[in-house]
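K.L.:
I'd like to ask some things about the structure below.
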Amino acid sequence: MAQRLVVVGNGMAGVRAIEEILLRRGGESFDIIVFGDEPYGNYNRILLSNVLAGSDGADEIYLNGLDWYNDNDIDLRAGVRVVRIDRFARLVHADDGSVTRYDYLILATGSRSFFPPMAGLWADDKALTDGVFGFRTLDDCVGMITQAAHRTKAVVIGGGLLGLEAARGLQNRGLTVDVVHAGPTLMNAQLDDVAGGILRKSVQGIGITVHLDKRTTEVRTDEHGRLAGIVFSDGSSIDCDMLVIAAGIRPNVGLAQRAGLTVERAIVVDDHMRSIDDDNIYVVGECAQHRGQVYGLVAPLWEQATVLADHVTGTDRSAAYHGSRTATKLKVAGVDVAAMGLKAPELDDDEFVQYSEPRHGVYKTIVIRDGKLVGATLLGDVSKVSFLMQAFDSGLPLPDERVSLMFDIGTPDVAVGVAELSDDAQVCNCNGVNKATLVSCVQGGETSVTGVMAKTKAGKGCGSCKELVGQIVEWAAGGAVTDDPSASWYVPGIPYDKPTLMRHIRELELHSVSSVFTALAPDGLEDANSKMALASLLETMWADEFVDERDARFVNDRVHANIQRDGTFSVVPQMKGGVTNPWQLRRIADVADKYAIPMIKLTGGQRIDLLGVRKEDLPAVWADLDMPSGYAYGKSFRTVKTCVGSDFCRYGLGDSTALGIAIEERYQGLASPAKMKLAVTGCPRNCAEALCKDLGVVAVGDGRWEVYVGGAAGAHIRKGDLLATVDDPETVVMLTGRFLQYYRENANWLERTYTFVPRVGIDQIRALVVDDVEGVAAGLDARMQKSVDAYRDPWQDGREPVTEGQFRTSLPLLSLPQVPVR
Amino acid sequence: MTDVEIGSVDEVPVGEARTFAVDGEQIAVFRLRDGSLRAIDAVCPHKGGPLADGLADERVVVCPLHGHTFDLSTGSEAGGADMSVRSYEVSAVDGAIRITNQTT
């Protein structure tokens, strides 16, 4: 029989915990009942500031509508407050008189606004005085919005993050706003005095008056009971007709306290997120105190929910929460702020690096302990925040020139020896594998690079970390790396390198993946992990003669769209050279409306990405778009990025736009060992970033063009090597084809040009494809022409599916898209 | 869930899989190139990936999201990760897919 799981609190923490439990099949083992104090579904509290500021509507911030509760068989008791827990009988009593039995209880009661004691704040026992608001719930927020229309002067008590956001929101709504802060420093939880001072100047600069060191003692009303102003402890006062109290939050712990659970600042939990007093009661979110810490940010809450779910469902009874490092990046009152870890040095040996430029509102500090970043504050300029957050999270070794942590001064030397990398440094970001995992895999007896990759999944995502994985394995094995014969095979399931494999395929005339396995694999055995690479190779070799068995295709190539984390797909129509027109834009807009596309994103390749499309909607989306595929999902020719060229740009030396479109028209959709991204730019200012593309073309004047190959600006940064400088666009198009064909025929599977070009050597490539010293150019050109001629827009599949159920959902019981829900 | 007919073999192309909803469960049925059928849970226990969309061979399916690999007969993770899916006894009876038993 299913056990009964009762959740008290329908906020972000409670519902996230339920989502994690459902992911672990908890829906089967538990009947879930949720009590929510507020009479709504679950909403994103972080976005209340946006609702107040008017940038989001109140109905846009819901995370899970009532459907979600129904679909997952969750019994939601919205607007019902739990008033008592009987731990011994395992019952919860609610204010509607109901009594509910539980096997497991999750307390996710969150926090409430803290109202400092001051005279006249309350109209009666429950209601605040006219014009006074907390800033915590959707009701608070909607109340403020309604009242803001009739009021002119607001005071916000509290100069922390929430107070400043409230101030900015009310200012947006036309009110004059003062902020009153009891301490000497704005946002003192995150900022030191200097930073607080600079922030104060910026906030005042946008017209918000700031009063520091002011303790409010009294709320004044007029004879009709309407709010008139506030009085400070020093006797001074401010008139106002609206007052927002954002002086901090307090965890809701009354219920737990009455139930006899240990409560200090919040409910004390163990590493499994259980109350230390009761194994059947879990606690998550702002009402939980773990190892002395109470977290008010969202990221720790996600981590807690994961541990809780692993534990309560029995998926992993050893799952343990070890606390979170908290880092925040936000814009407060128009100022960028990022803060992580310590805001000031604490030990004598801590290094403290500080930069201050008050006139421009810029301030940066960094705290380093034992060579590791333990704290950083950035104000006004947060350009280095991603690097710092990474260093903070993973304990990366830091550059010796500490100043390069704050500014981009040339390229700091980030190539760190593998020996120095800390054990918890993330190596494979796609699959979350750190150095220690790799090392322990080697110590467990796996001494080949491919073996370690197979066991840990490191390098099995985008593949960009393979080199580093190899170095770590080598280092961990102390030079005893097993030479793995399969390392030279093109695919893991067939024992030949690429030239031998291609020769056999050609001689035996193997046109389909299944025929390759039958003829060449040991015992004729199929191998799932070889299929995608073989299909790509056969398409490259045979073009129109390739027999396209769809079961050998990765799902992206089966349905010509890019699979997303929730099983929906992204759709990117072709937009040659990044040039579009009103007709296309109208089509895209209409499709986005019609199919309720959750996100429309401009891509780095100058196209428009429609994200969150259900598989079964793909044919209809394509039909309505009536544009060809942009191939944004395949190991294939992707895009040609261009600048505006010579028609409009006053610096343009060559018609880069026309040339880019011509290249894309000719080579669109070509299969290749890894994706190929190109660019053409009209002058050496290089607005289309051609120097860091797989193939980039730069107009240099007098009708001349430079062709660069092997550039990258993704997981790796590499400036392309100059292949040739030529006199006309036709030669550019021809050389592009020849280089791409040479790459297609000779690169290893998933080997991008930035690895391929230096491996072969630019001189060798130039000798073969430009100077044609071995006489291979004509053959390359002819085989490329064969592939070009075989182009077919894959989105034609939408009209007539090539397999039964090609676009049938693979998750029929899930309501997709789940983004932006998670 | 024992002995239920969940769909027709023709719905599953050779070498691929399709998901069927049965009693509130999602089951991925694979039709191997040798003609035989395999059935496992349709959702990857790692991050919820759709296993019917994965590349498969005669032994395993590879989740399309993060590459976790599951044995089609036993449901265990082939790379040694501590996770598994349920597998089911499945057969074709007069062109219909019949699930007879949960095997793990």
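The values are calculated or read from the model by the stated rules, or taken from the named source; none is laboratory data. Since this is a predicted model, take the numbers as computed values, not measurements. Note: ideal-geometry Cβ built from the backbone for every residue, glycine included; neighbour counts use all protein chains shown. Each accessible area value is taken on the protein alone, full model and side chains, heavy atoms only, with ligands, DNA and RNA left out. Shrake-Rupley method; radii C 1.70, N 1.55, O 1.52, S 1.80 Å.
K.L.:
How large is log10 of I(q)/I(0) for the range A:542-609 at q = 0.20, 0.21 Å⁻¹ when the intensity is taken from the Debye formula with one equal scatterer per alpha-carbon?
P.N.:
The calculated log intensity ratios at q = 0.20, 0.21 Å⁻¹ are -0.94, -0.99.
K.L.:
Taking the Cα centre of chain A as origin, sum charge times position over the Cβ atoms of Lys and Arg (+1) and Asp and Glu (-1), and report the length of that vector in debye to the nearest 20.
P.N.:
Working: 84 positive and 110 negative charges, 196 e Å.
So the dipole magnitude of chain A works out to roughly 940 debye.
K.L.:
Shifting gears a bit: Determine the gain in length on full extension of the stretch residue A:713-residue A:60; use 0.36 nm per residue of separation and subtract their C-alpha separation, reporting nm with one decimal. All intermediate terms of the calculation are to be shown ahead of the outcome.
P.N.:
On the way: separation 653, 0.36 × 653 = 235.08 nm, distance 3.55 nm.
Difference between extended and current length: 231.5 nm.
K.L.:
Right, next: In chain A, carbon and sulfur make up what percent of the accessible area (probe 1.4 Å)? Walk me through the numbers on the way to the answer.
P.N.:
On the way: 17240 of 35330 Å².
Heavy-atom surface of chain A belonging to carbon and sulfur, 1.4 Å probe: 49 percent.
K.L.:
Using the basic label-point model (7 angstrom from Cα toward the beta carbon), what is the residue A:725 to residue A:796 distance in nanometres?
P.N.:
Reported label-point gap for residue A:725 and residue A:796 is 4.4 nm.
K.L.:
At 37 °C and 0.692 mPa s, grab the translational diffusion coefficient of the range A:13-145 from Stokes-Einstein with a Kirkwood Rh over Cα pairs, rounded to a whole number in µm² per second. Provide the component values of the computation, followed by the final result.
P.N.:
Values: Rh = 17.0 Å.
After rounding, the answer is 193 µm²/s.
K.L.:
Where does chain A land on Rg(C-alpha)/(2.2 N^0.38 Å)?
P.N.:
Working: Rg = 30.8 Å, N = 822, 2.2 N^0.38 = 28.2 Å.
Rg over 2.2 N^0.38 Å, computed on Cα atoms: 1.09.
K.L.:
For the residue pair residue A:467 and residue A:440, what label-to-label distance in nm results when each label sits 7 Å from Cα along the Cα-to-beta-carbon direction?
P.N.:
The two pseudo-label positions are separated by 2.9 nm.
K.L.:
A follow-up question, please. Expressed in nm to one decimal, what extension gain is obtained for the pair residue A:258 and residue A:626 from 0.36 nm per residue of sequence separation less their Cα-Cα distance?
P.N.:
Numbers: separation 368, 0.36 × 368 = 132.48 nm, distance 6.37 nm.
Contour length minus Cα-Cα distance gives 126.1 nm.
K.L.:
Using modelled backbone amide H atoms (1.01 Å from N, in-plane), which distant-in-sequence or interchain residues come within less than 5 Å of residue A:84's amide H?
P.N.:
Under 5 Å from the amide H of residue A:84: A:93.
K.L.:
Hey, another quick one. Just the Cα atoms of the range A:478-636: what Rg and Dmax do they give in Å?
P.N.:
So, for the range A:478-636, Rg and Dmax equal 19.7, 62 Å respectively.
K.L.:
Follow-up. Write down the Å³ per residue value for the convex hull defined by the alpha carbon atoms of the range A:325-382.
P.N.:
On the way: hull volume 4.6 nm³, N = 58.
Hull volume normalised by residue count: 79 Å³.
K.L.:
Could you pull out the trypsin sites (Lys or Arg not before Pro) across the range A:569-658 that fall in loop regions by DSSP (anything but H, G, I, E, B) with no more than 16 other Cβ atoms inside 10 Å? All intermediate terms of the calculation are to be shown ahead of the outcome.
P.N.:
Values: sites: A:576, A:586, A:587, A:594, A:601, A:607, A:614, A:615, A:635, A:638, A:641, A:650; in loops: A:607, A:614, A:635, A:650.
Of the trypsin sites (Lys or Arg not before Pro), the ones in loops of the range A:569-658 whose Cβ has at most 16 other Cβ atoms within 10 Å are A:650.
K.L.:
Given contacts defined as C-alpha pairs under 8 Å and at least six residues apart, what's the relative contact order of chain A, whole-number percent?
P.N.:
Numbers: 1656 pairs, mean separation 55.7, N = 822.
It rounds to 7 percent for chain A.
K.L.:
If you rank A:575, A:389, A:734 by how much accessible surface each has, with a 1.4 Å probe, what is the order from largest down? Numbers along the way, then the final one.
P.N.:
On the way: A:575 5, A:389 50, A:734 70 Å².
Of A:575, A:389, A:734, the descending order of accessible area is A:734, A:389, A:575.
K.L.:
Going down the table (A:460/A:615; A:675/A:719; A:601/A:635; A:576/A:677; A:384/A:675; A:466/B:47), which pairs top 19 Å between alpha carbons? Each step should come with its number before you reach the end.
P.N.:
Numbers: A:460/A:615 24 Å; A:675/A:719 17 Å; A:601/A:635 21 Å; A:576/A:677 13 Å; A:384/A:675 29 Å; A:466/B:47 23 Å.
As for pairs spanning more than 19 Å Cα to Cα, those are A:460/A:615; A:601/A:635; A:384/A:675; A:466/B:47.
K.L.:
Still on this structure, please answer the following. Calculate, for residue A:594 and residue A:565, the FRET efficiency according to 1/(1 + (r/R0)^6) with r their C-beta to C-beta distance and R0 30 Å; round to the nearest 0.05. Spell out each step's value before the answer.
P.N.:
Numbers: r = 24 Å, r/R0 = 0.79.
For residue A:594 and residue A:565, the calculated efficiency is 0.80.
K.L.:
On average over all directions, what projected area in square nanometres does the range A:700-807 have, based on the convex hull of its Cα atoms? Provide the component values of the computation, followed by the final result.
P.N.:
Numbers: hull surface 38.7 nm².
The number I arrive at for the range A:700-807 is 9.7 nm².
K.L.:
Continuing with this model, one more query. Quote the accessible area belonging to residue A:279 in square angstrom, nearest 10, computed with a 1.4 Å probe and with ligands, DNA and RNA left uncounted.
P.N.:
Solvent-accessible area, nearest 10 Å²: 90 Å².
K.L.:
Across bins of 5 angstrom width beginning at 0, how are the C-alpha pair distances of the range A:90-132 distributed, in whole percent?
P.N.:
Values per bin, smallest distances first: 5, 14, 16, 14, 12, 12, 13, 10, 3, 0.
K.L.:
Counting only other residues whose beta carbon sits under 13 Å from that of residue A:252, what net charge do I get with K and R as +1, D and E as -1? It would help to have the intermediate numbers written out before the result.
P.N.:
Details: positive: A:81, A:112, A:136, A:250, A:258, A:265; negative: A:37, A:38, A:286.
After counting each charged neighbour, the total is +3.
K.L.:
From the gyration tensor of the Cα coordinates in the range A:440-550, what semi-axes in whole Å does the equivalent ellipsoid have, largest first, with each one equal to sqrt(5λ)?
P.N.:
31, 14, 12
K.L.:
Can I ask one more? Cα-based Rg of the range A:82-176 per 2.2 N^0.38 Å, rounded to two decimals? Please report the intermediate quantities before stating the final value.
P.N.:
On the way: Rg = 18.3 Å, N = 95, 2.2 N^0.38 = 12.4 Å.
Working it through for the range A:82-176, the quotient is 1.48.
K.L.:
Kindly tabulate the residues in the range A:549-579 with an accessible-area decrease of at least 40 Å² between the chain alone and the assembly of all protein chains, using a probe of 1.4 Å.
P.N.:
Buried on complex formation: A:551, A:554, A:558, A:563, A:565.
K.L.:
Related question: Restricting attention to the alpha-carbon atoms of chain B, what are Rg (one decimal) and Dmax (integer), both in Å?
P.N.:
Reported Rg and Dmax, both Å: 12.3, 38.
K.L.:
Let me ask something else about it. Sticking with the crude label model, points 7 Å out along Cα→Cβ, report the distance from residue A:139 to residue A:94 in nm, one decimal please.
P.N.:
1.6 nm
K.L.:
Ranked from the most accessible area to the least, with a 1.4 Å probe and all protein chains present, what is the order of A:343, A:457, A:329? Let's see the in-between values first.
P.N.:
Values: A:343 70, A:457 25, A:329 120 Å².
Descending accessible area places them as A:329, A:343, A:457.
K.L.:
Another one. Please work out the average accessible area per residue across chain A, using the 1.4 Å probe convention, and give it in Å².
P.N.:
Numbers: 35330 Å² over 822 residues.
Computed with neighbouring chains in place, this is 43 Å² per residue.
K.L.:
Still on this structure: Please arrange A:311, B:66 by accessible surface area, largest first, computed with a 1.4 Å probe and ligands excluded.
P.N.:
Largest to smallest exposure gives the sequence B:66, A:311.
K.L.:
With every protein chain present, what accessible area does residue A:209 have (1.4 Å probe, heavy atoms only), rounded to the nearest 10 Å²?
P.N.:
Number for this one is 60 Å².
K.L.:
From Cα pairs below 8 angstrom and at least 6 apart in sequence, can you work out the relative contact order of the range A:626-760, rounded to a whole percent? Before the final figure, lay out each step's value.
P.N.:
On the way: 305 pairs, mean separation 27.6, N = 135.
Answer for the range A:626-760 is 20 percent.
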